[in-house]
Amino acid sequence: MNPGQQILFFFSALGAFNGLIISCYLLIFKKPKAPASYFLGLLLLALTMRITKAVFNYFYPNLPRIYLQIGLSGCFLIGPSLYYFTRAALENTVKTPVRWKYIYCAWLAGITILGILIPYQSHPWDWNHYIVHIIYAQWVAYFVLTGWMLKKRIAKLFDKTENLSPTEKPILSIFFGNAVILIAYLIVFFWSFSSVYITGAIFFSLLLYLNIPLFFSRKKSNTTFLGYAEPERYAKKKIAEDHASSLTDKIHKVITEQELYKNPDLKLNDLAKAVNISGHQLSQLLNDNLGKSFNVYINEYRVTRACELIASNNGIKLEEIGYEVGFNAKSTFFTAFKKYRGTTPSLFREGLSTT
């Protein structure tokens, strides 16, 4: 290699090495481990595998094909990692949904089994003409889904009246960084511009160094989705209206579909767990955005359901209705009903019978 190539190799290989170190930190050593942090670690690991394959294939094209297979297999996980990182970061997910785990593991198992049954070493033509197309198509599909999820944030970049929040900036930075890497490899894949091949590795190194504060900072507000935020300080800040609206809709859907209000022992953390958000975030949403305590919020659902049962005129005693909708005492039911409806359950029933 000439001096210029040696410099390119050094910086691209150094980026791949540092990507491996940071991914291991996020996946193994970082505490607390939020879902967004975990998927960011997987994204870096997958990108590192793809970048490492590109670096060594560019400078040492005669390496055994097993290294090419490992790099392309890692490429297959970039799209899902990017998508679930972005979704977990935007939704401030505190526990990874089981469905996400199943889908991610299915992709991992699929590419592993495929590599065992059709190894690159003995089937290079199949990999180069079929499997690679599937890998890049999957990456592009997940990238488009992620972009659709970020469309409102991307629109803010072109609207002078809108400003990105500290949390949105690093998410978009990672998304657009992934876009450049993807475009670089697609150009090489479809048009065979070998000079562009190493660009993805160089840009990955640059992107990695620019985002070092994101990976390691424990104080800045733009790392809240990675689990760095202090709960007490976080709870004092009002959630953005668009995010609060989507959270409220999600909570309403979970409460009504699962009829959680019927549980007289329902706690704030129980509801937060069911919705996959933190208890601090739920408390923040209820108190700061909706102006209600948890008990008030749940009792509204209970009273609304009680009114529906009374209106159905099915002969159920009022005391039984109270227990049915989640109140643990007759007095509590009557007090809450009068507070929200301005009348007692019995007068409410009499009013319905006279209309």
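If you take all other residues with their beta carbon under 11 Å from the beta carbon of Val303, and give Lys and Arg +1 and Asp and Glu -1, the sum is +3.
Once neighbouring chains are kept in place and the probe is 1.4 Å, which whole percent of the accessible area of segment 272-349 is contributed by carbon and sulfur?
49
Of the solvent-accessible surface of segment 21-142, computed with a 1.4 Å probe over protein heavy atoms with every protein chain present, carbon and sulfur atoms account for 70 percent.
Over all orientations, segment 289-341 has a Cα convex hull whose mean projected area works out to 3.6 square nanometres.
The calculated P(r) of segment 62-155, using every Cα pair and 5 Å bins from 0, goes 2, 12, 21, 21, 16, 12, 8, 6, 3, 0 in percent. Taken along the Cα-to-beta-carbon direction at a fixed 7 Å, the label points for Glu320 and Arg341 span 1.7 nm.
Do the alpha carbons of any pairs in Lys152/Lys267; Lys152/Lys292; Lys152/Lys262; Lys33/Lys267; Lys30/Lys273; Lys53/Lys152 sit beyond 30 Å of each other, and which pairs? Pairs exceeding the cut-off: Lys152/Lys267; Lys152/Lys262; Lys53/Lys152.
For segment 249-306, the C-alpha radius of gyration divided by 2.2 N^0.38 Å, with N the number of residues, is 1.02. Taking all protein chains together, Lys250, Lys330 sort by accessible area into Lys330, Lys250, largest first [probe 1.4 Å]. Annotation: per residue accessible area for segment 75-157 equals 50 Å², rounded to a whole number [probe 1.4 Å, protein chains only]. Just so you know, the Rg over Rh for segment 232-332 is 1.03, from Cα atoms, with Rh as the Kirkwood radius.
The values are calculated or read from the model by the stated rules, or taken from the named source; none is laboratory data. Fair warning: this is a prediction, and the values are worked out from it, not measured in the lab. Quick reminder, even Gly has a Cβ in these numbers, built from the backbone with ideal geometry, and neighbours come from all protein chains shown. Ligands, DNA and RNA are stripped out before the accessible areas are found, and what is left, the full protein with its side chains, is counted by its heavy atoms. Shrake-Rupley method; radii C 1.70, N 1.55, O 1.52, S 1.80 Å.
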